[in-house]
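Here's the structure we're looking at; comments come further down.
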Amino acid sequence: MLWRRFPHHKITDQELLREAVAQWEKAGEPGNGPNYQIFEQQGAQGYYDDAAATGRLFKRADDVQWSIVELVKIRAENGDIQSAKSAINSLAGSAMQRKAAEVVALIQAQNGDLSGALETISPFGESDEVFLAYGRYQIEMGDFEGALDTAGRTKSGYQLFYDIGDALRIRGEQRRARKLAAHMRDRKLAALFLECARFTLWPHPEEVRVIQATPCDDAYLDATRGKFAEADEVIRKNGCSNVSFIAIRQYEVDPSGAERLLRDTSDSQDLVFGLGQFAAVAARKGNIVEALRLLNDLQSVNLGVKNKGLADARSTEAIHQIARAWTIKSGPRDVLQWARSRPTADERTWALIGMAEALGHATSRRHCLCYTRKSFSRMCFS
């Protein structure tokens, strides 16, 4: 590697992500292909050629197809709409072209560009979802009149009526619904709007249930209010479960007390989760020594063969966060040595990804609007 030959060579996020791919290839582990997060980070940080090359390494045809469409989507999310549309054109003649066009159009609509979205989707004749996405954007912006107008332009527009009712309820503006309906030109559509919206404007009596709070519920509430001493006392007296919920919040202000609570009252799975979250908090605060101690303690907990996958996931999540925070604090060189020293390819990979995020100022991508890898079926907006 360049930084091994030339000590003053600047370590870049692009090189770290390439090394992460090399770690997977070197390990020769069976599976579906490289870590999906490597591909997504390469795309999010604008290394489209690298991401495409990583996508081609996936073992299953479904995953390769997913990566092609996903990369088009990432381009659009990065604001590279023209680049994304060029990529769509390059897929001419394949089933993926339509999927990619739908993804880009939905992103454009969700960002408020209806005309651009309709232009993208027009060759494929599917515009209902685009109108719905744009309508939800209007609702989010508080443009309810505009959303009602958009609803009238599509056969599925009634779906927006429920969303408008929900938004009015959240704002405490339920009585505004009739005023909105009064300004609609299509009286049948106005009546349908009021009929649909009533289901979300007000909570239904049968949906309102009174649940008697337990002492443990009160302890959780005390924790959210910062009353940790009171919460800890109730937990110890009543043997409450899911203690990590409280301990993680307490760790921000009272690390030693939070750790005592977690170790004294948690089962092994809750302990592993809590220690991992503690490590991430310590790392974000710049206390890398403490974060590494907590990681070591986490990895010392025996969850058994049955829960090995869970234990590994907790470890790699902590490693990911530590590497990211450590790189931000101290730069990449010491972190790189630590990352390479991790005992498994998965741990080395996640450490490198965390470093790349820190250097590239990108974060782990969590999508709501997306296509599943197997079926490319549309999911949800958020």
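The values are calculated or read from the model by the stated rules, or taken from the named source; none is laboratory data. What you see is a predicted model; the values in this text were computed from it and never measured. Virtual Cβ from ideal backbone geometry, glycine too; neighbours counted across all protein chains shown. Heavy atoms of the whole protein, side chains included, go into the accessibility calculation; ligands, DNA and RNA do not. Shrake-Rupley method; radii C 1.70, N 1.55, O 1.52, S 1.80 Å.
Can you tell me which residue in region 143-152 is most open to solvent (accessible area, probe 1.4 Å), limited to those that are in contact (Cβ under 8 Å) with a residue 12 or more places away in the chain and not β-branched (Val, Ile, Thr)? Give the derivation first.
Keep residues of region 143-152 that are in contact (Cβ under 8 Å) with a residue 12 or more places away in the chain, which gives 144-145, 147-148, 150-152.
So of that shortlist, the ones also not β-branched (Val, Ile, Thr) come out as 144-145, 147-148, 151-152.
Details: 144: 0, 145: 98, 147: 0, 148: 11, 151: 3, 152: 49 Å².
The selected residue is 145.
Just to be sure I understand the filter: pairs with C-beta atoms under 7 Å, separated by 6 or more residues or on different chains, first member in region 57-85 and of a type in the set (Lys, Arg) and modelled with pLDDT of 95 or more, second member in a helix (DSSP H, G or I) and surrounded by fewer than 21 Cβ atoms within 10 Å (Cβ to Cβ). Which pairs pass?
Listed by first residue and then by second, the contacts come to 75/48; 75/83.
Within region 337-351, work out how many residues are outside any loop (DSSP other than H, G, I, E, B) and either over 18 Å from residue 42 (Cα atoms) or of a type in the set (S, T, N, Q) (or both). Give the derivation first.
Filtering region 337-351 down to residues outside any loop (DSSP other than H, G, I, E, B) leaves 337-341, 345-351.
Restricting the remaining residues to those that are either over 18 Å from residue 42 (Cα atoms) or of a type in the set (S, T, N, Q) (or both) gives 337-341, 345, 347, 349.
Within region 337-351, residues that are outside any loop (DSSP other than H, G, I, E, B) and either over 18 Å from residue 42 (Cα atoms) or of a type in the set (S, T, N, Q) (or both) number 8.
Please find, within region 88-101, the residue that is modelled with the highest pLDDT out of those that are farther than 10 Å from residue 69 by Cα and in a helix (DSSP H, G or I).
Keep residues of region 88-101 that are farther than 10 Å from residue 69 by Cα, which gives 89-90, 92-95.
From what is left, the residues that are in a helix (DSSP H, G or I) are 89, 95.
On the way: 89: 93, 95: 85.
It comes out as 89.
Identify, by number, the condition in (1) within 19 Å of the chain's Cα centre (by Cα); (2) over 21 Å from residue 354 (Cα atoms) that residue 78 doesn't meet.
(2)
Among the numbered criteria (1) over 23 Å from residue 140 (Cα atoms); (2) modelled with pLDDT of 95 or more; (3) of a type in the set (Lys, Arg), which one does residue 178 miss?
(1)
Output yes when any residue across region 298-306 is within 27 Å of the chain's Cα centre (by Cα), hydroxyl-bearing (Ser, Thr, Tyr) and part of a helix (DSSP H, G or I), and no when none is.
No, because not a single residue in region 298-306 is within 27 Å of the chain's Cα centre (by Cα), hydroxyl-bearing (Ser, Thr, Tyr) and part of a helix (DSSP H, G or I).
Taking region 113-142 as the search range and keeping residues that are surrounded by fewer than 16 Cβ atoms within 10 Å (Cβ to Cβ) and within 27 Å of the chain's Cα centre (by Cα), which one is farthest from residue 84 (Cα to Cα)?
So the first thing to find is which residues in region 113-142 are surrounded by fewer than 16 Cβ atoms within 10 Å (Cβ to Cβ), and the list is 115, 119, 122-126, 128, 140-142.
From what is left, the residues that are within 27 Å of the chain's Cα centre (by Cα) are 128, 140-142.
On the way: 128: 21, 140: 25, 141: 26, 142: 29 Å.
Here the answer is 142.
Can you confirm whether residue 290 is under 23 Å from residue 249 (Cα atoms), over 19 Å from the mean Cα position of the chain (by Cα) and among the charged types (D, E, K, R)?
In short, yes.
Across region 221-250, what is the total count of residues that are among the aliphatic types (A, V, I, L, M) and within 30 Å of the chain's Cα centre (by Cα)? Step through it out loud before you land on a result.
First, the residues of region 221-250 that are among the aliphatic types (A, V, I, L, M): 221, 223, 229, 231, 234-235, 243, 246-248.
Checking the rest, the ones that are also within 30 Å of the chain's Cα centre (by Cα) come to 221, 223, 243, 246-248.
Counting residues in region 221-250 that are among the aliphatic types (A, V, I, L, M) and within 30 Å of the chain's Cα centre (by Cα) gives 6.
I need every pair where a residue in region 300-314 that is closer than 16 Å to residue 348 by Cα has its Cβ under 7 Å from the Cβ of a residue that is open to solvent by 30 Å² or more (accessible area, probe 1.4 Å) and not polar (S, T, N, Q), sequence separation at least 6 or different chains.
312/346; 314/273
What number of residues within region 49-86 satisfy the criterion of being part of a helix (DSSP H, G or I), under 26 Å from residue 116 (Cβ atoms) and open to solvent by 20 Å² or more (accessible area, probe 1.4 Å)?
Of the residues in region 49-86, 11 are part of a helix (DSSP H, G or I), under 26 Å from residue 116 (Cβ atoms) and open to solvent by 20 Å² or more (accessible area, probe 1.4 Å).
Go through region 251-262 and give me each residue that's open to solvent by 50 Å² or more (accessible area, probe 1.4 Å) and either within 24 Å of the chain's Cα centre (by Cα) or under 21 Å from residue 316 (Cα atoms) (or both).
Scanning region 251-262 gives a single hit, 252.
Yes or no: region 105-119 includes at least one residue that is farther than 29 Å from residue 67 by Cβ and part of a helix (DSSP H, G or I).
Taking region 105-119 first, the residues farther than 29 Å from residue 67 by Cβ are 115.
Next, from what is left, pick out any that are part of a helix (DSSP H, G or I): 115.
Within region 105-119, one or more residues are farther than 29 Å from residue 67 by Cβ and part of a helix (DSSP H, G or I).
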